[in-house]
Amino acid sequence: MPQTYDIAISSPSPNYDFFARRMMELCGQMGLTFFFVNDVWVKDFWRKLEADEISVRVLIDLTADQRNSDNLYTQVARTVKRQKGYVLDDPDVSALAADKAALHELLLENLIPVPETVVVPREELKSFKITDDLVARVGSPFVVKPSRGGVGIVVGATSRDDLLKSAAEAPKSDAFLIQQRVSPRELGEHFGWFRVYYIFGQVIPCWWDQAAHEYHLVSPGQIRHYKLNPLKRIVRGIARVSRMKKFSSSICLNEDGHFYAVDYVNADPDMTPRSFYDNGVPDEVVRHIVWLLFTEAIRVIKRGQGFLDEDLAEAESGWIDQRRIEQTA
């Protein structure tokens with residue numbers, strides 16, 4: 001019989017040991033088996049999955065390149081799914097959400113506020129021109145983003161050359177977004193730029209200081225004082241449209257007083273801890289996210305295990321009631 005791991009985390013990031021160790025501690029307390037799939041182990045782990053020598057009940061996939069079928073982490077996620085394991089998030093859903101151009105159109109259709117944007121397919125690059133009408137729509141300078149991946153972003157773009165530069169740096173992207181540049185409004189000692197986590201219905205907003213590259217947790221008092229409730233509505237809207245269960249999004253409260261989703265879905269939300277890295281996420285945020293993911297994994301693993309079902313159903317009922325309260329806040 002294959003060796004079964006109850007929970008596995010897969011990530012190429014060298015900064016996620018803190019996250020993985022917190023998950024391992026919880027697994028130890030509940031008598032669950034755990035494995036952290038990183039660059040040291042990913043090749044052997046995938047080979048053993050393919051050979052049915054091991055299996056995974058719940059895989060927490062923190063991979064950045066879900067659309068790249070050659071990526072070993074993507075192959076791990078797809079193999080676990082094929083074996084009927086539970087993958088967070090489903091690699092097929094993540095691959096669709098990672099396509100910024102396609103997701104942009106869905107967000108527009110569902111009235112999610114996004115900056116003014118023009119999508120340019122790669123096959124149109126040779127003939128595409130930056131016209132006066134386009135500049136009137138998006139302004140200048142504007143932002144150029146590849147539809148796929150996190151490289152090739154040009155923040156202060158002004159010409160077609162910047163678009164071609166982005167295309168050269170992101171050769172696997174099949175489309176590019178020419179997007180209005182936003183400027184966050186000043187809010188006390190912060191600016192209105194936010195990294196917002198969505199984890200199974202819970203929304204965790206953080207201030208993001210673009211100059212200092214620092215996170216700070218947004219307090220309930222700040223949400224009321226600065227009227228930041230649209231952050232929750234926008235991120236929950238993105239979750240509904242994308243069907244993602246865990247991700248982060250970048251949202252800007254612009255100088256014009258409107259909120260805009262700027263970076264729609266990060267399927268590998270930053271889990272770098274502040275205690276080890278100056279520009280890391282507050283440790284309490286990382287710990288809370290670990291707990292939320294662990295709770296979801298337990299729900300899956302313990303389902304159908306006899307006398308535990310009644311307690312689990314009762315716990316789930318309380319969790320659902322808590323979500324209802326949060327969503328009406």
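The values are calculated or read from the model by the stated rules, or taken from the named source; none is laboratory data. Note that the structure is a prediction, hence the values are computed from the model and not measured. Heads up, the Cβs are rebuilt from the backbone with ideal geometry, glycines too, and the neighbour counts pull from every protein chain shown. Note: accessible area is taken over every heavy atom of the protein model, side chains too, but ligands, DNA and RNA are not part of it. Shrake-Rupley method; radii C 1.70, N 1.55, O 1.52, S 1.80 Å.
Dipole check for region 1-46: with +1 at the C-beta of Lys and Arg, -1 at the C-beta of Asp and Glu, and the Cα centre as origin, the magnitude is about 40 Debye. Largest first and in whole Å, the equivalent-ellipsoid semi-axes of region 163-234 read 30, 16, 12, each the square root of five times a Cα gyration tensor eigenvalue. If you average the alpha carbon positions of region 165-235 and of region 140-163, how far apart do those two centres end up, in angstrom? Distance between centres, Cα-based: 18 Å. If you compute semi-axes √(5λ) of the Cα gyration tensor in Å for the structure shown, which of [x] 27, 27, 23; [y] 35, 25, 17; [z] 29, 26, 20 do you land on? The value matching this structure is [y]. Compared with the dominant Cα axis of the chain, that is its longest principal axis, helix 308-328 is turned about 20°. Considering only 135, 42, 285, the Gaussian network model of the chain with Cα springs below 10 Å gives its largest mean-square fluctuation to 135.
Only aspartates and glutamates eight or more places from residue 227 in sequence, or on another chain, were considered; those with a Cα closer than 20 Å are 186, 189, 209, 255, 256, 326. If I fit a long axis through the Cα atoms of helix 17-30 and take the longest principal axis of the Cα atoms of the chain, what angle between them do I get, 0 to 90°, rounded to 10? Relative to the chain, helix 17-30 is tipped by roughly 30 degrees. Largest GNM mean-square fluctuation across 168, 77, 267, computed for the chain with C-alpha springs under 10 Å, falls on 168. Cross-link partners for residue 129 among the lysines, with Cα-Cα distance under 26 Å and sequence neighbours closer than 8 places in the same chain left out: 100, 145, 165, 172. Among 130, 182, 281, whose Cα lies farthest out toward the positive end of the dipole of the chain, if unit charges sit on the beta carbon of Lys, Arg (+1) and Asp, Glu (-1)? It is 130, whose Cα lies furthest towards the positive end.
All C-alpha pair distances within region 1-102, sorted into 10 Å bins from zero, spread as 16, 49, 30, 5, 0 percent across the bins.
Per DSSP H run of at least 4 residues, take -39500 (n - 2.57); add these up for the chain, divide by its residues and hand me the 222 nm value, nearest 500 deg cm²/dmol. Could you put the intermediate results ahead of the total?
On the way: 11 runs with 127 residues, N = 329.
Per the formula, -12000 deg cm²/dmol.
Taking every DSSP beta bridge that has both ends in the chain, the antiparallel portion is near 70%.
Using the crude model of +1 on Lys and Arg Cβ and -1 on Asp and Glu Cβ, and no other charge, please compute the dipole size for the chain relative to its Cα centre, in debye to 20.
400
Residue 27 exposes around 0 Å² of accessible area when a 1.4 Å probe is run over every protein chain in place. Computed over region 92-171, the quotient of the alpha carbon radius of gyration and 2.2 N^0.38 Å is 1.11. Could you identify which residue out of 28, 237, 152 has the top mean-square fluctuation in a GNM of the chain using Cα springs shorter than 10 Å? Result for the chain, Cα springs under 10 Å: 28 fluctuates most.
Only Lys, Arg, Asp and Glu carry charge here, each on its Cβ (+1 for the first two, -1 for the last two); on that basis region 25-94 has a dipole of about 200 debye about its Cα centre. For the chain, the longest principal axis of the alpha carbon atoms and the long axis of helix 283-301 meet at an angle near 50°.
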